[in-house]
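Here is the structure we will look at.
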Amino acid sequence: MIKSFIFDIGNVLLPFDFSIAMRRLEPRCGTPLEEALKISKPVQHALEMGEISRADFLRQITELIRFSGTEEEFSGIWQDIFTENTAMSELVQSLNGRYPLYLLSNTNDIHVEFFTRVYPVFRHFSGAVYSHEEKCMKPGREIFEVAMQKFGITPAETVFIDDLPANVQTARELGFTAIQYDFTRHGECLTALKAAGIDL
């Protein structure tokens with residue numbers, strides 16, 4: 001019997017696109033868009049792994065892409081890469097109060113600060129495990145084990161929803177009912193939930 005849910009954030013609750021930010025940053029950068037996207041990935045990964053601080057990330061990335069504005073201006077642009085998946089927000093709202101709902105995401109404090117403030121859907125979640133805080137990332141097993149302990153959940157009684165095949169595979173190996181999600185095919189997720197015995 002399913003007793004709880006764990007949701008990924010990016011491309012599940014919130015579709016995102018880093019190129020949106022880079023296109024807004026490009027007129028004020030000394031680095032072309034494609035190169036900026038490429039060279040920003042390692043420092044972005046380090047931030048999400050908790051290997052560098054927010055201040056170090058902002059200093060490094062603004063230097064790398066040669067951004068002429070302030071770090072505060074960069075943060076504001078870099079945060080605003082998300083759109084709400086209203087279909088998933090409605091699903092979360094329908095599950096709220098019937099099941100404990102949790103978050104498990106590879107992310108960073110700059111984005112967490114933004115999306116938890118801007119999108120009301122996050123009020124429905126009872127807890128969260130973020131990669132930058134735990135210093136480990138999906139698809140590794142460690143972050144799932146942290147979540148299991150922190151949330152006090154049993155994988156066999158938990159639905160895990162994520163967009164990336166590798167993350168879903170790890171969850172299945174650990175015993176979760178894991179659903180690979182595509183926000184362009186939301187109905188497939190509903191079908192999988194019904195098959196798992198969830199009353200929608």
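Any read-out appearing in this document is the output of simple, stated calculations on the displayed coordinates, not a laboratory observation. Quantities reported herein were computed from a predicted structural model and do not represent experimental measurements. Every residue, glycine among them, receives a Cβ derived from its backbone with ideal geometry; neighbour counts consider all protein chains shown.
Computed values, structure above
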| read-out | value |
| --- | --- |
| Dipole magnitude (debye, nearest 20) for the chain, charges at Cβ of Lys, Arg, Asp, Glu | 260 |
| Dipole in debye (nearest 20) - the range 18-79, about Cα centre, beta carbon charges: Lys, Arg +1; Asp, Glu -1 | 160 |
| Equivalent ellipsoid, the range 77-155 (semi-axes from 5 times Cα gyration tensor eigenvalues, Å) | 21, 19, 10 |
| Filter on Lys3/Lys150; Lys41/Lys138; Lys3/Lys135 - keep pairs with C-alpha separation over 19 Å | Lys3/Lys135 |
| Positive-end extreme of charge dipole, the chain - chosen from Cys136, Phe18, Leu64 (charges on Cβ) | Cys136 |
| Long-range tail of P(r) for the range 18-79 (Cα pairs > 20 Å, %) | 14 |
| Cβ-derived FRET efficiency at R0 22 Å, Lys150 paired with Glu35, nearest 0.05 | 0.05 |
| Volume in Å³ per residue [convex hull over Cα atoms, computed for the range 1-109] | 118 |
| Nearest-20 debye value, the range 1-107 charge dipole, Cβ charges on Lys, Arg, Asp, Glu | 200 |
